[in-house]
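Student: Sending over a structure as structure tokens; questions will come in a sec.
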Amino acid sequence: MKKFLFLSLLLVGFASCTSTQFKQVMDALGDSPLTNAQIGDGLKEALTQGISTGVNITSKKDGFFKNPKIKIPWPEDVRKVESKLRAVGLGGEVDKVVLSLNRAAEDAAVSAKPIFVSAIKSLTFNDVMGILKGQPNAATDFLRRTTSTQLEQKFRPSISTSLDKVDGTKYWGDVVGQYNKLPLVKKVDTDLTGYVTDKAIGGLFTMVEKEEARIRENPVARGTDLLKKVFALQD
């Protein structure tokens, strides 16, 4: 019943509610119905909470490397390189590359938070309604649409710096150099920075989406009274 009333409210808007509809909403929500501003603030708080958790998880040591859902593997387009290098006894060097790719992503992940927060602050009430009425990952999809370009622009130089800092560029150059010396092989020329950037951004969205689902589904995870009140409208 509450869900039906809330969706009705979203569709017609507070200003255009009939007196009967408004009374129904008042009765359903009690003496202190949520205002448009409170609903917007609640959703923004939820998104900020999910983003903070997702960024904190990915930016810590092993946040990518030990999470099988987002761990960055050897580049798929040169997976045969990995197999050949392991076959000639260079498995340890290959493992160093994989670890360095994930360390670079972990190192760069923290730079995503201000971009996400800026997008959240720009949410209009129509955006809020679309997210609350939408699929379980509607908020994550909104962030993906509105921040992916900025994230790529921010992450690429950060990833490049991080790869140098964790010796990823060196390890990659070493193993690719060894591979390119093998007879009868096609020379490898992979954009390592671009690859790690794409994977790092994808991993971030995976974790933010996970937090969004948790907050929507679990009242305890909603944290504050305002969050609980906003999302209770959908329950």
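Student: Could you grab me the full set of residues in segment 141-186 that are at pLDDT 85 or above, in contact with a Lys or Arg (Cβ under 9 Å, 6 or more places away or on another chain) and of a type in the set (S, T, N, Q)?
Tutor: Listed by number, the list holds a single entry, S162.
Student: Taking segment 31-54, which residues are of a type in the set (D, E, K, R) and part of a loop (DSSP other than H, G, I, E, B)?
Tutor: D31
Student: Considering only segment 42-63, I want to know if a residue exists there that is of a type outside the set (A, V, I, L, M, F, W, C), under 30 Å from Y179 (Cα atoms), surrounded by fewer than 17 Cβ atoms within 10 Å (Cβ to Cβ) and modelled with pLDDT of 85 or more.
Tutor: Yes; the residues of segment 42-63 include at least one that is of a type outside the set (A, V, I, L, M, F, W, C), under 30 Å from Y179 (Cα atoms), surrounded by fewer than 17 Cβ atoms within 10 Å (Cβ to Cβ) and modelled with pLDDT of 85 or more.
Student: Between K66, K96, which is part of a helix (DSSP H, G or I), in the same structural domain as D198 (by TED's automatic domain parsing) and of a type outside the set (G, A, S)?
Tutor: Going through K66, K96 in turn, just one is part of a helix (DSSP H, G or I), in the same structural domain as D198 (by TED's automatic domain parsing) and of a type outside the set (G, A, S): K96.
The values are calculated or read from the model by the stated rules, or taken from the named source; none is laboratory data. Computed from a predicted structure; not experimentally measured. We place every Cβ from the backbone using ideal geometry, glycine too, and count neighbours over all the protein chains shown.
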